[in-house]
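The next block holds one structure in the form of structure tokens; read it before the comments.
What follows draws every value from the coordinates through simple rules; no lab data is involved. Note that the coordinates shown come from a computational prediction; the quantities given were computed from them, not determined experimentally. Using ideal geometry, Cβ is built from the backbone for each residue, glycine included, and neighbour counts are taken over all protein chains shown.
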Amino acid sequence: MSTATVSALAILLAFGLDLWRGEPPARFHPVVWMGQYLERAGRLIAPPFITVRNPGDVHASGAASSADMRDMPDATVAAGFRSDAVGPTRHEAARHEAARHEADCGGAVAMDAPPVRHSARRQFLSGMAAWLLGATVCALMATLLQWGIFQLPGWMAAPLLALCLKPLFAWAMLRDLVARTEIALQQGLDAGRSQLAHLVSRNVHELDAAGVRESAIETLAENLSDSVVAPLFWFVLFGLPGAALYRFANTADAMWGYPGERGGRWWQWAGKWAARADDVLNWLPARLTAALLMLGAPAALWRRLPTEACRTPSPNSGWPMSAMALRLGITLGKPGVYRLNDVAPQPESAHTPWAIRKAQRVTWIAVLLGMFFLVLQSMR
């Protein structure tokens, strides 16, 4: 059995394992291990957020914690869920930065603090080095693991490779968390907000019922790309090392990729490399996800997709979110930041299960397409 055939079978088995068992325990989850490394490294590369309001009066803002996902459940951290649509966007952080007059300073300071210009380069290089170290270790370990698996007979290699691939993507958890948010919202606004907090990193207490529902559907669309299509895309191209490297990059962006204060630390420069790396690796998968969501849509909606996608601050997340909004015939957005398909009504309770069904279809198509291309490769 060729390695391409083994990889194709591994995709199918990993998807079945995801539907059957969901996420592995946190102590055995490689994405949790990635997050632990990133949190520890973040304390070294990102300076504490300092404000200086009066001469000689220095304040440290927040605790010295790097991860925006730190207070989220372990399973959610493992899945790597983080929505740019509903969490603090990079443009918001940039506005926050400008308000504090932190252009080139090494740490976050108020307007009357002296700049430390040389520190910005040091933070950027430190963030880049820490990212490259973690990415290299992840890719190297995945390469060695995959090489060892391919030395085994095909009937043993396929399930073992599936066990290694499964933690690198997460459909069942994403589906269940979004569905539970809608169920909780039916019980009351506070219950819906509480459940949504398992999906997003922003303050959910400011959202009304429509905002909770919009946030859940946006997160479903964005993480359909980040947590399903993209890992499978890079696995098909480069095997287990490709999927592992992507998952590390995506987790690093979720924890470091903020140009401003986050978790009591200043990420303007330390997190810049992580943010740009994730933008590059997600560029094609995000557009592929949008295209899969738009299958069967009228030509008029296809023509509107690029315009709608450009309304968001993120270069990638706007594509699957816009596609979902157009296909459902609803508006999605974040007040004061962007509004997608603004001529449509806000989502109602029936739209959440409809969105889940569309995302489920995209997931199956992505699995089958991945298997198809690998089988074609094995026939060469």
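Has the range 333-353 got any residue that is within 26 Å of Gly242 (Cβ to Cβ) and either out of contact with any Gly (no Cβ under 6 Å at 6 or more places or on another chain) or buried (at least 22 other Cβ atoms within 10 Å of the Cβ) (or both)?
no
Of the conditions (1) within 23 Å of Arg202 (Cα to Cα); (2) surrounded by fewer than 20 Cβ atoms within 10 Å (Cβ to Cβ); (3) among the β-branched types (Val, Ile, Thr), Ile330 clears all except one; give me its number.
Exception for Ile330: condition (2).
For the range 177-194, give me the residue count where each residue is closer than 24 Å to Pro24 by Cβ and either touching a residue at least 24 places away in the same chain (Cβ under 8 Å) or touching a Pro at 6+ places or on another chain (Cβ under 9 Å) (or both).
4
Pairs only if they're at least six apart or on different chains, beta carbon under 9 angstrom, first in the range 294-312 and in contact (Cβ under 8 Å) with a residue 60 or more places away in the chain, second surrounded by 12 or more Cβ atoms within 10 Å (Cβ to Cβ) and assigned to a loop (DSSP other than H, G, I, E, B); list them, first residue then second.
Within 9 Å, the pairs are Thr312/Asp84; Thr312/Ala85; Thr312/Thr89; Thr312/Val337.
Return yes or no: is Asp190 surrounded by fewer than 22 Cβ atoms within 10 Å (Cβ to Cβ) and more than 30 Å from Ala162 (Cβ to Cβ)?
When the stated conditions are applied, Asp190 passes them.
Is there any pair linking a residue in the range 198-219 that is farther than 15 Å from Ala254 by Cβ to one that is of a type in the set (Gly, Ala, Ser) and surrounded by fewer than 24 Cβ atoms within 10 Å (Cβ to Cβ), with Cβ under 6 Å and at least six apart or on different chains, and which?
Close Cβ pairs (under 6 Å, with a partner that is of a type in the set (Gly, Ala, Ser) and surrounded by fewer than 24 Cβ atoms within 10 Å (Cβ to Cβ)) amount to Val204/Ala197.
Is there any pair linking a residue in the range 125-138 that is surrounded by 14 or more Cβ atoms within 10 Å (Cβ to Cβ) to one that is among the basic types (Lys, Arg) and assigned to a helix (DSSP H, G or I), with Cβ under 7 Å and at least six apart or on different chains, and which?
Taking only residues 6 or more apart or on different chains, the pairs are Gly127/Lys272.
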